[in-house]
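Heads up, the thing below is written out as structure tokens.
The values are calculated or read from the model by the stated rules, or taken from the named source; none is laboratory data. Only a predicted model underlies this, so the values are computations on that prediction, with no experimental measurement involved. A quick note on method: Cβ atoms are made from the backbone with ideal geometry, for glycine too, and the neighbour counts reach across all protein chains shown. Accessible surface areas use protein heavy atoms only, side chains included; no ligands, DNA or RNA. Shrake-Rupley method; radii C 1.70, N 1.55, O 1.52, S 1.80 Å.
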Amino acid sequence: MSDIITTVGLSKQYGKILRVKDLDLKVPEGVVYGFLGPNGAGKSTTMKMILGLVRPTAGTVTVLGKQVNNRNRLAILKSIGSLIESPSYYGHLTGTENLRIICSLKGVPETDINRVLKTVRLENQQEKKVSQYSTGMKQRLGLACALVGKPKLLILDEPTNGLDPAGIQEMRELICSLPQQYGITVMVSSHLLSEIDQIATNVGIISRGELVFQDSLTTLHQKSSTSLAIRTQNNTAAAQILTKQNIYCQAQDNYLLLPKLSDDELAGNISRLIAQNIGVIRIEERHKSLEDIFLELTGTAVSL
Amino acid sequence: MKNALAIEFQKIHRRKIWVIVSLLVLVQILWSMLGVRNMDAHDLAQGWLFFLYQFPLLNSIMMPVIAAVVASRICDIEHKGQTIKLLNTLMPPQRLFAAKFLCGATYMLAASILQLVVIIAVGYIIGFKGNPPLDKLLYYLLFTTAVNLTVLLLQQVLSLQFKNQMVPLSVGIIGSFAGLFILYFPPSFARFILWGYYGVLMLVGMDWDRVTRITDFYYIPVNWAGFIILAVIFSAIYIIGRTLFMRKEV
């Protein structure tokens, strides 16, 4: 699978502060790439740099196999749809009129309007002025604008911001359906771990401008494997016995942390401890959640 | 470019810019009518000269306001809907800048032509002596349009730079006062402010005889030097304004 977006050493400095540092992103084709990070981590800045809205201080951006520069930027962007921060719209015009402008700008026939309106389920509101739309409808119109002309890549910055739970759910379903239905690669940013967990197949986690994790969501989930914690009357002796059985244990707050064992293995080892007169007081299963990992990686509390 | 201009007109659909332009031109016309109500034979003989003297003064009061409103109506839609970041992914910013200017220029040109038509029509109706001086009227149209477009350009630059449209609108109003006020100073002063060019490029001078209390108007040579300076000012504002707009990160 080739990468549709690659950045090398991408950095952006505002004043003396480096907002994005040496970012090496790789977004594979045909996936939903979740770009996760706490507020102010540099997600929007990065996405704007990919779109050429903000000039990088250093580094390069390659999209669809071409390194983006000032001359080829607009030609490359023809195959990209974007929705950055809040949606862009002309409030005094209707939904259809807004889309007609986008069609003219993209050089796409106006017949595409009905298709995108149907995709975002706005076909019944198309003759209403956009200023009378709800936030959710404006957001969907923004997505419709991005979908005009069947782009190969969608860059969506916090598309569920400001939506109610039903709107969030609808937007998620929409995003998830895009790769299968139209073969579009989606890069979507969010500060919500649970959201990325639900829609993305690949994840990049950014914290204070630095990429701290980038791989498939499955890999991230593997990191959240369960472990066992036991507490005995004599942890030191117990640790010696278990180490002899080739079980790696680690002492932590009166507990011994062990890797996940099968029930039989665990039962055998507990009997061994009891046979040595070491009373086992507690056996607990410890689960490292995605939040714990996120927290570990970013050092910032996750907002849910 | 044709497409970009067509899109600009699509965008300002329902913004009723033509209403504002025609209303303000209407006010100008009514104002000018006040001056021609009680004309005697002497006045009627100088009717065309009188209009060519009076309208630049009216223009320096009202055209900066019209230009400010037109530019603001065309540009503020981009701030309101935060559309510049979207447009920047779809078209070169310099083309957007040019299309916006051409769109506004159409209205300003329409205002000047409308005004010229009214000048000729009113002249005939009141019964000004002699045929309308076509060459002078065409110069008048050229110069009025040239100043209008330069003022419009300045207003567009401001309207694109500032989200709060009170800033460019205030500049427009201040400009209109400044343009009129500067005309009370020696003529060389007016060259130093943009809004003074309605006066600088005037084709008619006035002589008021203190003893007889008779006003006489006379043609003065076309001020090509002033026109060239105006062209230079226009180019400078265009280059600076466009660069500012292109550099703006959204």
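Quick check: is even one residue across region B:1-9 outside any loop (DSSP other than H, G, I, E, B), within 14 Å of chain A (Cβ to nearest Cβ), of a type outside the set (A, V, I, L, M) and open to solvent by 90 Å² or more (accessible area, probe 1.4 Å)?
Looking through region B:1-9, at least one residue is outside any loop (DSSP other than H, G, I, E, B), within 14 Å of chain A (Cβ to nearest Cβ), of a type outside the set (A, V, I, L, M) and open to solvent by 90 Å² or more (accessible area, probe 1.4 Å).
Restricting to region B:40-81, and then to whatever is in a loop (DSSP other than H, G, I, E, B) and free of Cβ contacts under 8 Å to residues at least 60 places away in the same chain, can you tell me which residue is nearest to B:LYS163 (Cα to Cα)?
Among them, the one singled out is B:GLY81.
Which numbered condition in (1) surrounded by 17 or more Cβ atoms within 10 Å (Cβ to Cβ); (2) assigned to a helix (DSSP H, G or I) is the only one that B:LEU90 fails?
(2)
Any chance region A:37-54 includes a residue that's within 14 Å of chain B (Cβ to nearest Cβ), in a strand (DSSP E or B) and more than 26 Å from A:SER194 (Cα to Cα)?
Taking every residue of region A:37-54 in turn, none turns out to be within 14 Å of chain B (Cβ to nearest Cβ), in a strand (DSSP E or B) and more than 26 Å from A:SER194 (Cα to Cα).
Within region B:63-77, can you find the residues that are surrounded by fewer than 22 Cβ atoms within 10 Å (Cβ to Cβ) and either acidic (Asp, Glu) or more than 14 Å from B:ARG15 (Cβ to Cβ) (or both)?
Correct list: B:VAL65, B:ASP76.
Those residues that are open to solvent by 40 Å² or more (accessible area, probe 1.4 Å) and assigned to a helix (DSSP H, G or I), I need them from region B:28-39; list them, please.
Across region B:28-39, the qualifying residues are B:LEU30, B:TRP31, B:MET33, B:LEU34.
Taking B:GLN94 as the residue in question, decide whether it is of a type in the set (S, T, N, Q) and in contact with a helix residue (DSSP H, G or I) (Cβ under 7 Å, 6 or more places away or on another chain).
yes
Considering only residues of region A:170-197 that are at pLDDT below 90 and polar (S, T, N, Q), which is farthest from A:PRO28 (Cα to Cα)?
Applying the filter and picking the extreme gives A:SER194.
For region B:181-250, give me every one of the helices (runs of 4 or more DSSP H) that falls completely inside it and has 2 or more residues that are of a type outside the set (A, V, I, L, M, F, W, C) and open to solvent by 70 Å² or more (accessible area, probe 1.4 Å).
In region B:181-250, B:224-247 are the helices (runs of 4 or more DSSP H) which contain 2 or more residues that are of a type outside the set (A, V, I, L, M, F, W, C) and open to solvent by 70 Å² or more (accessible area, probe 1.4 Å).
Just the residues that are away from chain A (no Cβ under 14 Å), closer than 27 Å to A:ALA75 by Cβ and aliphatic (A, V, I, L, M), please, taken from region B:69-108.
B:ALA98, B:LEU102
Yes/no matrix, rows are residues, columns are (1) touching a Phe, Trp or Tyr at 6+ places or on another chain (Cβ under 7 Å); (2) outside any helix (DSSP H, G or I):
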position	(1), (2)
A:LEU99	no, no
A:CYS103	no, no
A:PRO109	no, yes
A:ILE113	no, no
A:VAL116	no, no
A:ARG121	no, yes
A:LYS138	yes, no
A:LEU141	yes, no
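Can you tell me which residue among A:LEU83, A:LEU93, A:LEU77, A:LEU117 is away from every other protein chain (no Cβ under 11 Å) and either of a type in the set (Asp, Glu) or crowded, with 18+ Cβ neighbours inside 10 Å (or both)?
The match here is A:LEU117.
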